[in-house]
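Just so it is clear, none of the values below were taken in a lab; they were calculated from the coordinates. The model shown is predicted, which means the values in this text are computed figures rather than measured ones. Glycine gets a Cβ as well: all are built from the backbone with ideal geometry, and neighbour counts include every protein chain shown.
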Amino acid sequence: MPQPELSILETAHAYFNESCDLLEIDDGMREVLLHPWRELSVSLPVRMDDGGIKVFNGFRVQHNGARGPYKGGVRFSPGADADHTRALAMLMTWKTALVDIPFGGAKGGVQVRPSDLSEAELNRLTRRYTQAISHIIGPQRDIPAPDMGTNAQVMAWMMDAYGQLHGYSPGSVTGKPIELGGSYGREAATGRGVCDIAMLAATDAGLDMHGATVAIQGFGNVGSFAARRMEETGAKVVALSDRTCAAYDPAGLDLDQVFEHKARTGTLEGCPWGETISNEQILELEVDILVPAAIEGVITTENAGNIRAKLIVEAANSPITYGADAILKKRGVTVIPDILANAGGVIVSYFEWAQNIQRFRWTLERVNDELHTTISRGYERTRDMAKERNVTHREAAYAVAVDAVVKAIDLRGFI
Ligand code: GLU
């Protein structure tokens, strides 16, 4: 009988506990970090376009702020419940610590399918949510950003709603439009960071990025920018999927054509370039690098044995279940964990926040250079720890991050 998969929160706790075992962290400190520092659950009544009222559930979870203000995205998704948001908040604490940016970890969630709402309804919902959490966020307290289902427009509404209460505060959210104090390079940052990391990991694995075959699951912000960047670096994107299906061509996809079809029809279905395969099949292709960039839990104990990629770069948060991770470890597949692979987004959020505080704009070149330097350092720290302790990249990344957070808590002396 196969074991049931762990939930995303149980998975985050399991990796954290393993890390505490490795670092010999005492039980009291474990308890501190197993619990979010603060969480707020809010009901959000919104006037709909038809005149009726709907009430949505919203959350903001602040996991740990020992290293700086809380930081993390806001997810608009039916699955963004309390436990889900808790898990993602914890991942943010490790992510910011691993790449050594001066933030803690938080996450927001609103249980809504954004495509079910008109633009005006979404605007009203975003303002309601921002007002409801406004007393626990702010440029020196907790800085939201985009995540699944939210984007620069939503951040603009959040900044505006926050500013109505507290005065003009561009540093209150990141991922804003350029016109409102957003940073050059923020939109592309997560996908770009994924490629920077893939390149470093490929080199260490003896894989030449030039001509390396890549399959990318997901056509959202991360997947689409990762695909473009992979092509720029000389890798061959052979498969790319959205929520409906995947386009596959072993000789390499013509991305201009695939993007044009997606932009014109809104879907990859009926894409005349390459063969159409399913969203599950894309994960099992024989490729050098697999990039799950869609949602959590797509590589499971069911399909982990069929994965043929040499290297998996976790662009989504928690795309591999706990059970699947153990199978991949046994099979010797290198996995670069989410807390490192997708840290490019929060790194450039940090640059945006710093620019907002200084009222000074950086060039795109500077942003991309500093992103590369910061994420590469995170990679080196992870690789060195993996060698030193003879553990996987995930175990090493957790060890580096947990150690940094525990040290910060100890130094502050607040427990
Ligand atoms: N939502 C992104 C993440 O999960 C970015 C968070 C941020 O920029 O604060 O890393």
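Observations, loosely collected:
- The alpha carbon gyration tensor of segment 110-188 gives principal lengths a ≥ b ≥ c with a/c of 1.5 or higher and a/b no greater than b/c, which makes the shape oblate.
- Ordering R383, R60, R359, R366 by the number of other Cβ atoms within 10 Å of each residue's own Cβ, fewest first, gives R359, R366, R383, R60.
- Eligible aspartates and glutamates near K107 by straight Cα distance, threshold 14 Å, same-chain separation 8 or greater: E39, D81, D83, D142, D147
- Burial order of peptide ranges 341-348, 214-221, 369-376 (average beta-carbon count within 10 Å, highest first): 341-348, 214-221, 369-376
- Spin-label model distance (nm) - T300 vs T244, 7 Å beyond Cα toward Cβ: 2.4 nm
- Given their separation in residues at 0.36 nm each and the Cα-Cα distance between them, L364 and E275 gain 28.4 nm when the chain is fully extended.
- Along segment 376-389 the Karplus relation, 6.51 cos²θ - 1.76 cosθ + 1.60 evaluated at θ = phi - 60°, assigns HN-Hα couplings of 5, 4, x, 5, 4, 4, 5, 4, 5, 5, 4, 5, 4, 9 Hz to successive residues, with x for each Gly and Pro.
- Put simply, when 45-52, 203-210 are sorted by average Cβ atoms within 10 angstrom per residue, most first, you get 203-210, 45-52.
- Under 5 Å from the amide H of T334 lie the amide H atoms of I312, each residue being 5 or more positions distant or on a separate chain, with H modelled from the backbone and absent for Pro and chain starts.
- Legend: calculated FRET efficiency, E286 to T373, from the Cβ-Cβ distance at R0 = 41 Å, rounded to 0.05, equals 0.75.
- Per-residue ³J(HN,Hα) for segment 154-162, Karplus 6.51 cos²θ - 1.76 cosθ + 1.60, θ = phi - 60°, Hz, x for Gly and Pro: 4, 5, 4, 5, 5, 4, 5, 5, 5
- Derived scalar couplings between HN and Hα for segment 146-153 equal x, 8, 4, x, 10, 7, 4, 5 Hz in order, rounded to whole Hz, by the Karplus curve 6.51 cos²θ - 1.76 cosθ + 1.60 (θ = phi - 60°), x for Gly and Pro.
- With 26 Å as the limit on Cα-Cα distance, the pairs of K330/K387; K71/K176; K262/K329; K310/K407 that go past it are K262/K329; K310/K407.
- Added length on full extension, which subtracts the Cα-Cα distance from 0.36 nm per residue, Q131 to K330: 66.8 nm
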